[in-house]
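This report refers to the structure that appears directly beneath it.
The values are calculated or read from the model by the stated rules, or taken from the named source; none is laboratory data. What you are looking at is a predicted structure, and each value in this text was computed from that prediction instead of being measured. Positions of Cβ are generated from backbone atoms using ideal geometry, with glycine treated the same way; all protein chains shown enter the neighbour counts.
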């Protein structure tokens, strides 16, 4: 396989792994009785370590537009997992916090995520996982650099 064909195949495989692994995680959340998506789970994880961040910071972290983040937060708020609070000095700015329920589901959702990742990486040894880690990290860095060039 030449380099062009290999790059095309790798691109296709990365997309497929992303879709399938995300769908599997969503399925496992539903099977465990959680009405939550992988995107919502990622937001909960981020807020666990970054409570009180403005909604805009979340949009930047997840490379999402304002409307998408607003919808995501609205759904988490309806599920009583996240709450918005007005910034003390700028009432237009909304800060995001986990609720008691949002904090309470962290451990079980994390366990579901870890178990899903074990299924996904079954049969790969540490050397293979390290190569994947290094390769994907380089690709992510390349994408971030390309985004920065466009600004």
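Within region 77-99, residues that are at positive phi and surrounded by 11 or more Cβ atoms within 10 Å (Cβ to Cβ) sit with their Cβ atoms under 9 Å from residues that are outside any strand (DSSP E or B) and modelled with pLDDT of 85 or more, at 6+ positions apart or across chains, in these pairs: 80/99; 80/100; 80/101; 80/102. Just one of the listed residues (73, 112) is over 21 Å from residue 136 (Cβ atoms), touching a residue at least 60 places away in the same chain (Cβ under 8 Å) and either exposed (fewer than 15 other Cβ atoms within 10 Å of the Cβ) or under 15 Å from the mean Cα position of the chain (by Cα) (or both), namely 112. Do we have residue 26 as under 20 Å from residue 101 (Cα atoms) and in a helix (DSSP H, G or I) here? Yes, satisfied.
Only one entry of 21, 68 meets the criterion of being at pLDDT 95 or above and assigned to a helix (DSSP H, G or I), and that entry is 21.
Which one is modelled with the lowest pLDDT, of the residues in region 99-143 that are outside any helix (DSSP H, G or I) and over 16 Å from residue 13 (Cβ atoms)?
105
Confirm whether residue 13 is surrounded by 16 or more Cβ atoms within 10 Å (Cβ to Cβ), free of Cβ contacts under 8 Å to residues at least 60 places away in the same chain and not in a loop (DSSP other than H, G, I, E, B). So residue 13 does not fit the description; no.
Checking each residue in region 43-68 for being in contact with a helix residue (DSSP H, G or I) (Cβ under 7 Å, 6 or more places away or on another chain) and at positive phi picks out no residue at all.
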